[in-house]
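Presented below is the structure to which this report refers.
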Amino acid sequence: MDPDTREPLSDEEIAEKRQRAEDLYAQLSAVRDDPDALAALFDQLTAEYTEDTGYAHYPEGYVFGEGEMVAAFEDAVKLLEVGGLSEVVESEYGYHIILRIPIDPNAVIGTDANGNDVTLRYAAATQQYNAELTAWTDAAEVVWSEGFEDLDLAPIFG
């Protein structure tokens with residue numbers, strides 16, 4: 001699919017994109033034994049060739065959870081060790097070459113409703129807190145007592 005028009009690509013365009021991905025993979029494979037060179041070349045080639053619409057927002061890569069990416073992409077990532085380079089992966093979005101990088105807990109992974117940056121550390125803490133809060137509320141027993149409707153809170157919060 002053409003990322004700009006959302007129209008299906010011709011067989012010739014698909015073949016060209018596949019060949020470009022294979023060529024890029026060959027370049028990356030040539031330096032795969034040198035992690036620094038691999039990372040630098042991967043960044044360079046990504047900046048030059050990516051058609052990923054999310055790249056502008058996440059130039060350092062994606063942090064995602066189970067079921068958040070298309071299956072072909074997610075399955076390929078699961079097979080990689082940190083520092084691992086995938087072969088060309090095909091999905092409904094096109095062709096991908098994946099370099100799995102270490103997770104930085106202080107990396108910005110998105111923004112909140114107010115437009116503030118959200119780090120992975122903050123998101124994980126928030127998720128854990130919400131899970132605990134849900135467990136507490138699910139376990140709580142709420143009982144209505146006589147006279148509750150007559151409670152005057154003004155002196156307490158006055």
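The values are calculated or read from the model by the stated rules, or taken from the named source; none is laboratory data. Everything numeric in this text was worked out from a predicted model, so none of it was measured. Heads up, the Cβs are rebuilt from the backbone with ideal geometry, glycines too, and the neighbour counts pull from every protein chain shown. Areas reflect the complete protein model, heavy atoms only, side chains present, ligands, DNA and RNA absent. Shrake-Rupley method; radii C 1.70, N 1.55, O 1.52, S 1.80 Å.
Looking across region 97-112 at every residue that is in contact (Cβ under 8 Å) with a residue 24 or more places away in the chain and outside any loop (DSSP other than H, G, I, E, B), the one that is nearest to A123 (Cα to Cα) is identified as I109. Hey, can you tell me all the residues within region 67-105 that are more than 20 Å from R32 (Cβ to Cβ), open to solvent by less than 90 Å² (accessible area, probe 1.4 Å) and not hydrophobic (A, V, I, L, M, F, W, C)? If the condition is that a residue be more than 20 Å from R32 (Cβ to Cβ), open to solvent by less than 90 Å² (accessible area, probe 1.4 Å) and not hydrophobic (A, V, I, L, M, F, W, C), then G67, E74, D75, S91, G94, D104, P105 are the ones that fit. Hey, any hits in region 65-76 for a residue that's outside any helix (DSSP H, G or I) and in contact (Cβ under 8 Å) with a residue 40 or more places away in the chain? No: region 65-76 contains no residue that is outside any helix (DSSP H, G or I) and in contact (Cβ under 8 Å) with a residue 40 or more places away in the chain.
For the condition small (G, A, S) and at positive phi, what is the one hit in G158, G115, G84?
G115 is the lone residue from the list that is small (G, A, S) and at positive phi.
Applying the selection to region 24-45, what residues are surrounded by 12 or more Cβ atoms within 10 Å (Cβ to Cβ) and over 20 Å from G61 (Cβ atoms)? Within region 24-45, A30 is the sole residue that qualifies. State whether the residues of region 46-59 include one that is over 30 Å from A123 (Cα atoms), assigned to a helix (DSSP H, G or I) and of a type in the set (D, E, K, R). Looking for residues that are over 30 Å from A123 (Cα atoms), assigned to a helix (DSSP H, G or I) and of a type in the set (D, E, K, R), one finds at least one in region 46-59, hence yes. Yes or no: region 118-133 includes at least one residue that is within 20 Å of L28 (Cα to Cα) and surrounded by fewer than 13 Cβ atoms within 10 Å (Cβ to Cβ). There is no residue in region 118-133 that is within 20 Å of L28 (Cα to Cα) and surrounded by fewer than 13 Cβ atoms within 10 Å (Cβ to Cβ).
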